[in-house]
Each structure stands twice: as C-alpha cells, then as structure tokens.
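The block underneath contains the structure these notes are about, expressed in structure tokens.
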Amino acid sequence: MRGDARSRRVAIVPDAFVNPPPGAPDRLAELAADGWGVVALPPPGVPEPALTGWRAAVVDQITAFMDDGYEVAIAGGTDAELAALADALRAAGRPVPPRLGAA
C-alpha cells in the first residue's frame with residue numbers, strides 16, 4: 001500500500017460514545033464508517049488531579065492533530081467534559097473545533 005489511507009479526520013468524543021449504556025446506538029461505529037478517528041474524553045467521576053492530567057493529554061493530542069492539518073471536530077451533546085475541554089483549549093491558545101454536523 002502506498003501513502004496514508006487514514007482520513008485525517010478526528011472526532012473528540014465523550015465517554016458515553018466509548019461506553020454507551022445498554023441499547024444505545026454504537027456511535028463509534030458510525031464515526032468509523034464516516035471516516036473519523038476518535039480522541040476520547042475521560043469518563044465521569046475521574047478525581048482531580050488525574051482529570052487535569054487526562055485533559056492536558058487530550059489537549060496535547062488535539063493540538064498535534066491540528067498542527068498536522070487534520071480536520072478536528074467535536075461529537076456529542078452537552079457533556080460537561082466537552083465544556084471543560086473547550087475551556088482548556090482556549091487557555092492553550094487553541095480554537096475550539098466545530099461540532100460535527102454544524103454549518
């Protein structure tokens with residue numbers, strides 16, 4: 001195989017996408033079928049300072065993808081961790097990626 005077959009698209013997803021409740025749709029499979037890789041946010045209940053470290057690692061990953069020209073988007077609803085991530089990205093001087101499906 002020649003070249004890079006990846007889509008160069010990464011969706012930031014809440015834990016509910018990775019660990020959906022019973023009977024919920026498989027959102028990871030939907031994203032994969034549409035050519036998206038994922039960066040997962042921490043699950044609810046992670047204590048500080050582990051949460052701060054996890055969030056910092058996610059910001060580092062997202063920054064690396066952005067700097068390498070990947071399309072980065074946020075998937076998911078109004079999860080509190082998505083709001084905290086947006087604050088962390090802004091604090092790092094980075095733009096908050098658009099939400100998937102947003103115009």
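The values are calculated or read from the model by the stated rules, or taken from the named source; none is laboratory data. What you see is a predicted model, and the numbers here were worked out from it, not measured in a lab. Counting neighbours? That spans all protein chains shown, and the Cβs are built from the backbone with ideal geometry, glycine included.
Those residues that are aliphatic (A, V, I, L, M), in a loop (DSSP other than H, G, I, E, B) and closer than 19 Å to Ser7 by Cβ, I need them from region 50-103; list them, please. Break it down into steps so the answer makes sense when it comes.
Of region 50-103, the ones aliphatic (A, V, I, L, M) are 50-51, 56-59, 62, 64, 66, 72-75, 80, 82-86, 88-89, 91-92, 96, 100, 102-103.
If we keep only those that are in a loop (DSSP other than H, G, I, E, B) too, we end up with 75, 92, 96, 100, 102-103.
Residues satisfying the conditions are Ala75, Leu100, Ala102.
Limited to region 39-49, what total is found for residues that are part of a strand (DSSP E or B) and loosely packed, with under 13 Cβ neighbours inside 10 Å?
Just the residues of region 39-49 that are part of a strand (DSSP E or B), to begin with: 39-40.
In the following step, the residues that additionally are loosely packed, with under 13 Cβ neighbours inside 10 Å were identified as none.
Total meeting the criteria: 0.
I'd like the full set of residues that are surrounded by 11 or more Cβ atoms within 10 Å (Cβ to Cβ) and either touching a Leu at 6+ places or on another chain (Cβ under 7 Å) or of a type in the set (Gly, Ala, Ser) (or both), limited to region 19-38.
Ala32, Gly35, Gly37, Val38
Take Ala83 and decide whether it is of a type in the set (A, V, I, L, M), modelled with pLDDT under 90 and surrounded by fewer than 12 Cβ atoms within 10 Å (Cβ to Cβ).
Numbers: of a type in the set (A, V, I, L, M): yes; modelled with pLDDT under 90: yes; surrounded by fewer than 12 Cβ atoms within 10 Å (Cβ to Cβ): yes.
Considered against the rule, which asks whether it is of a type in the set (A, V, I, L, M), modelled with pLDDT under 90 and surrounded by fewer than 12 Cβ atoms within 10 Å (Cβ to Cβ), Ala83 comes out as yes.
Quick one: in region 10-33, which of the residues that are assigned to a loop (DSSP other than H, G, I, E, B) and under 15 Å from the mean Cα position of the chain (by Cα) is nearest to Gly101 (Cα to Cα)?
Looking only at region 10-33, we keep the residues that are assigned to a loop (DSSP other than H, G, I, E, B), and these are 14, 19-26.
This time we only want the ones that are under 15 Å from the mean Cα position of the chain (by Cα), so: 14, 19.
On the way: Pro14: 16, Asn19: 22 Å.
If we take residues in region 10-33 being assigned to a loop (DSSP other than H, G, I, E, B) and under 15 Å from the mean Cα position of the chain (by Cα), then Pro14 is nearest to Gly101 (Cα to Cα).
Could you check how many residues of region 43-71 are farther than 24 Å from Ala24 by Cβ and among the β-branched types (Val, Ile, Thr)?
4
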